[in-house]
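Asker: Dropping a structure here in C-alpha cells format, bear with me for questions.
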Amino acid sequence: MRQPAAGRPAPIRPDDFSARSKLPTPNVVPPPAPRRTFPWTPRLAVNLKCPNVTAQPLMKNSRNHRLKGVLFDWDGTLLNSYAADTAAYLAMFAEMQIPWDLAELERHYSPNWYNVYRAANLPRAKYDDADQVWRQHYAKHRPKLLPGARRVLGQLARSHALGLVTSGDRDRVHRQLHEFKLWHHFAARVCSGDTRLRKPHPAPLRLALRRMGLHPKETVYVGDSPEDLQMARSAGVRAAIAILGPFPTEKRLRAAKPDLLLESITKLPAALVQFRD
C-alpha cells in the first residue's frame, strides 16, 4: 500500500468504515435507501407514526352509501309483454321453419334472443331476417303495464332517481315509454344496441349508472330473469332484486338466489326500506 507523504494525513475512503460505524464518511453522500414497492394496492390505511392505532379501510363500506337510485328491467318487470313476445316468437319459428312450440321456447327462453336463436340452431346468417319477422308480428300486439307498475314508479320517483336497463329493442322501448307517458320518470334509459355487450354483461347497467352519476352501492336493480341478477351483481349494485313476472323464468330465478324475491312489483317500495341505510 502506498504511504502518505510526511505531514499529510491519509485520505479516508468510504470502504475504510464498516456498515455499523457511526462516524460520517467525509465528502460521501450515502445512497438513498431503496423505496419499498408493493405488487398490490394496500387495502388498509395505517398510521405509521402511531403503529398501535387500528387500521381503517380506505374504501367506504356500502352501508355508508345512501340508497339514491332504483334501476329496472322493462319486459316482464314493468311491462307484461309475455303474450306479445311469445306470439311473435311462435310466428317467427313457423316462417323460419324452426320446429319449436311453446314448450321449447319456455325451456330455452332468455332475454338475450340470440341465445334463443342459438338454441334453435338458427344459422347466424338468418338472425337479421328472424329479427325482422319477430318485430312485424310483435307490432300487432299492444302489451300493458303490469298491475301497479305505474303507481310504483310514481311513488319511487319522489325520493329516488330511476333508471331503465333493458335488452329490448331501442325503438320499441322508447315508443312504449312515450305511449305510457313514462319517459320522464327515468333519468337514464339503456336499451339493446346502446352497448356492444348485452346482459348478463354489466356494461349496460354501468352505462346507466354513469349517465345518472351514481355509485353502484347507491343503487339497486330490479329484474325478472337470472341474467338480470348476474348483470346487477357484476356491476356491484347494493342489491339484485327479482320480481316473479309473467315470463317462464321462476325456476331459474329462484336458483340464482336473488337478494330479494318479490311476488309483485307492488311490494317493492316497502321492501326497499331494508336497503336504505
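Asker: Return yes or no: is Thr219 over 21 Å from Phe186 (Cβ atoms) and surrounded by 23 or more Cβ atoms within 10 Å (Cβ to Cβ)?
Answerer: For Thr219, the condition - over 21 Å from Phe186 (Cβ atoms) and surrounded by 23 or more Cβ atoms within 10 Å (Cβ to Cβ) - is not met.
Asker: Could you go through the stretch 200-213 and let me know if any residue there is outside the structural domain of Val116 (by TED's automatic domain parsing), touching a Gly at 6+ places or on another chain (Cβ under 9 Å), surrounded by fewer than 16 Cβ atoms within 10 Å (Cβ to Cβ) and not small (Gly, Ala, Ser).
Answerer: yes
Asker: Going by what's in this entry, would Leu153 be described as of a type in the set (A, V, I, L, M, F, W, C), in a helix (DSSP H, G or I) and in contact (Cβ under 8 Å) with a residue 40 or more places away in the chain?
Answerer: Taking the combined requirement at face value, the residue satisfies it.
Asker: Tell me the residue from Lys199, Lys217 that is at pLDDT below 95 and among the basic types (Lys, Arg), please.
Answerer: The unique qualifying residue is Lys199.
Asker: For the stretch 170-184, check the following and say yes or no: at least one residue is outside the structural domain of Asn115 (by TED's automatic domain parsing), charged (D, E, K, R), assigned to a loop (DSSP other than H, G, I, E, B) and within 23 Å of His215 (Cα to Cα).
Answerer: No; the residues of the stretch 170-184 include none that is outside the structural domain of Asn115 (by TED's automatic domain parsing), charged (D, E, K, R), assigned to a loop (DSSP other than H, G, I, E, B) and within 23 Å of His215 (Cα to Cα).
Asker: How about the stretch 230-267: which of its residues are in a helix (DSSP H, G or I) and touching a Lys or Arg at 6+ places or on another chain (Cβ under 8 Å)?
Answerer: Of everything in the stretch 230-267, those that are in a helix (DSSP H, G or I) and touching a Lys or Arg at 6+ places or on another chain (Cβ under 8 Å) turn out to be Gln230, Met231, Ala235, Thr266.
The values are calculated or read from the model by the stated rules, or taken from the named source; none is laboratory data. Only a predicted model underlies this, so the values are computations on that prediction, with no experimental measurement involved. Ideal geometry is used to build each Cβ from the backbone, glycine not excepted, and the neighbour counts take in all protein chains shown.
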